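For reference, the structure discussed in these notes is given below.
The values are calculated or read from the model by the stated rules, or taken from the named source; none is laboratory data. This one's a predicted model, so the numbers in the text were calculated from it and none came from an experiment. All Cβ positions, glycine included, derive from the backbone under ideal geometry; neighbour counts span all protein chains shown.
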Amino acid sequence: MAIKKALVHDWFSVYAGAEKCVESFTNIWDDFDVYSLIDFLTERDREIILKGKHAKTSFIQRLPFAKKKYRGYLAFFPLAIEQFDLREYDLIISSSHAVAKGVLTHADQLHISYIHTPMRYAWDLYHQYLRESGLDHGLKGGLAKLILHYIRLWDLSTVHRVDRFVANSHYIARRIKRVYGVNADVIYPPVDVEKFLLGEKKEDFYLTASRMVPYKKIDLIVETFSHLGKKLVVVGTGPDEKKIKSLAAKNVELLGYQSDEVLRDLMQRARAFVFAAEEDFGIVPVEAQACGTPVICLGRGGTSETVIDGLTGIHFENQSVNDLASAIERFEQMEDTFDPTKIRNHALQFSRQRFEEEFKKYVDDAYQQFCELRKK
């Protein structure tokens, strides 16, 4: 008898890291019914991620300005995700960085949740989120704090709706243990490493690429290179762009948004890729390594697992100009020891094919065990 499957994702608005995982889920199984708070994908992205399907959406989809302002309805997310009637499904896979893991399930269903991160703005980044949003004081701030308090309580109450947690890194598995008090298995997410070709001839510039938002610390990278006078190329746009431009000296070249093709070319030619964020996993540093390019990165978070200090890159301890400058100096002292082929071979272990094979086996084994237990 066919297994009836549901796939639940927080929201479909852009094609980003979490959606790359959903793309793999629909590569593995083509018979999902898909659920999401909202679905505003372009037709091109829909074809890639959902193979042309439309998600069954919540009432958030129909609220005013939902396409661009859906995050403003955060207080309604728990209610919305609980309205999905999933009683008829045997297997539920949720892809969650917010509320997808909180769907209502029953004892005769297996619910596997792939966790990109516990909700950062409700937990780890709570105070930073309030400060950067100007919500750390005043009436609006008080309301935001009340909503996030409610979100945390609800988030904890949903833990036992999941039978198996899968984290995208050991770093996230530790956060799941701390926040939810449960253990998680680790399956690294898919990276399209085959699209990134080896570049053995490096040129005299460093590269960073990211959306310009505070936690990505592009301002720190630009400030450090402006102080050092070494050539840095920056790809990306975002809310912090004006601030970052004000920090950039003549040796820092801000290219703004660039196509995937241009970014791949820059990755192949750069001396090193610089990454200062504390990420859950960090796909872009793996892409840079797939080009044979060493990565200078923060030695915390996902990059501590994907970049090998002294072999495929350099770690630095703190998000500070001094620590980053010291890491760059260390890199230049041992630059000749980095082997582009070895760096690329390391990156290949994070391929999409590896993820799909590993995740399919994990789900098949879990479902078989679940069925055996159900017979007892």
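Among the residues making up region 258-309, those that are of a type in the set (Gly, Ala, Ser) and touching a Phe, Trp or Tyr at 6+ places or on another chain (Cβ under 9 Å) are 270, 272, 276, 277, 282, 288, 290, 292, 299, 301, 302, 304. The residues of region 320-347 that are surrounded by 16 or more Cβ atoms within 10 Å (Cβ to Cβ) and closer than 30 Å to residue 114 by Cβ, listed by number, are 343, 344, 346, 347. Here residue 224 does not fit the description of being modelled with pLDDT of 95 or more, hydroxyl-bearing (Ser, Thr, Tyr), farther than 21 Å from residue 306 by Cβ and in contact with a Lys or Arg (Cβ under 8 Å, 6 or more places away or on another chain). Surrounded by fewer than 23 Cβ atoms within 10 Å (Cβ to Cβ), farther than 23 Å from residue 224 by Cα and of a type in the set (S, T, N, Q): is that true of residue 246 in this structure? In short, no. Where helices (runs of 4 or more DSSP H) fall entirely within region 208-272, those with at least 2 residues that are farther than 21 Å from residue 196 by Cβ are at 218-228, 241-247. For region 110-132, indicate whether the set of residues that are in a helix (DSSP H, G or I), modelled with pLDDT of 90 or more and under 20 Å from residue 18 (Cβ atoms) is non-empty. The answer is no; no qualifying residue exists. Residues of region 348-371 that are touching a Phe, Trp or Tyr at 6+ places or on another chain (Cβ under 9 Å) and buried (at least 16 other Cβ atoms within 10 Å of the Cβ): 350, 354, 355, 356, 359, 363. Looking across region 1-50 at every residue that is of a type in the set (Phe, Trp, Tyr) and outside any helix (DSSP H, G or I), the one that is surrounded by the most Cβ atoms within 10 Å (Cβ to Cβ) is identified as 11.
Across region 1-22, the qualifying residues are those that are free of Cβ contacts under 8 Å to residues at least 40 places away in the same chain and over 14 Å from the mean Cα position of the chain (by Cα), and the one among them that is nearest to residue 281 (Cα to Cα) is 2. Just one residue in the set 79, 86, 104 is in a helix (DSSP H, G or I), at pLDDT 95 or above, surrounded by fewer than 19 Cβ atoms within 10 Å (Cβ to Cβ) and not polar (S, T, N, Q); that residue is 79.
Name every residue in region 261-287 that is among the acidic types (Asp, Glu), surrounded by 21 or more Cβ atoms within 10 Å (Cβ to Cβ) and more than 21 Å from residue 220 (Cα to Cα), in order of residue number. Residue satisfying the conditions is 287 alone.
Among the residues of region 291-331, the ones that are under 14 Å from residue 346 (Cα atoms) and either in a helix (DSSP H, G or I) or at pLDDT below 95 (or both) come to 4 in all.
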